[in-house]
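J.: Okay, here's the structure, questions in a sec.
Since every read-out is calculated from the coordinates, none of them should be taken as a lab result. Computed from a predicted structure; not experimentally measured. Glycine gets a Cβ as well: all are built from the backbone with ideal geometry, and neighbour counts include every protein chain shown.
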Ligand SMILES: [Zn+2]
Ligand SMILES: [Zn+2]
């Protein structure tokens, strides 16, 4: 039994507004640029670069979601995207977790990482000192089309921004646009 597991922490779930609990598995949802680079050992790594403005502030504020709430959001996106064929491009670096479409070098994507908020070990008596632990597992990676679908038709997390443009770019690259799946 982890001590303080029942305690609410200072963060809330962006989807339902409930307080997050210390020690609970949540997701951290961010908009980033995804890039593949050589790992120096013959393999490749995916790197995620935050989108920041000239003052190093986030252009897209990152949000915490409870595990159950993120899974609901993901299912809602999947449901909406099942109406469409996913975009397949040449030279993809990875695939979108929800629609299976191609994601290419440098694209703007949404990522959702499992994370656990803990009482700070450095400062355990300070209520506001929290540590973020991210287990070493691959995040969900969502293409710009899926993020646009989430933001427009499920829950609005961000003002309209560049990932909307990226969704349109994906449409242009695919030559002919996103078409309704047959049947
Ligand atoms: Zn929630
Ligand atoms: Zn997608």
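J.: In a loop (DSSP other than H, G, I, E, B), on the phi > 0 side of the Ramachandran plot, away from ligand 1 (no atom under 16 Å from the Cβ) and surrounded by fewer than 13 Cβ atoms within 10 Å (Cβ to Cβ): is that true of residue 126 in this structure?
T.: So residue 126 fails the test.
J.: Would you mind telling me which numbered condition in (1) surrounded by 15 or more Cβ atoms within 10 Å (Cβ to Cβ); (2) away from ligand 2 (no atom under 16 Å from the Cβ); (3) under 17 Å from the mean Cα position of the chain (by Cα) residue 118 fails?
T.: For residue 118, the failing item is (3).
J.: Then there is this: What residue, among those in segment 4-43 that are surrounded by 12 or more Cβ atoms within 10 Å (Cβ to Cβ) and more than 28 Å from residue 121 (Cβ to Cβ), is nearest to the chain's Cα centre (by Cα)?
T.: 31
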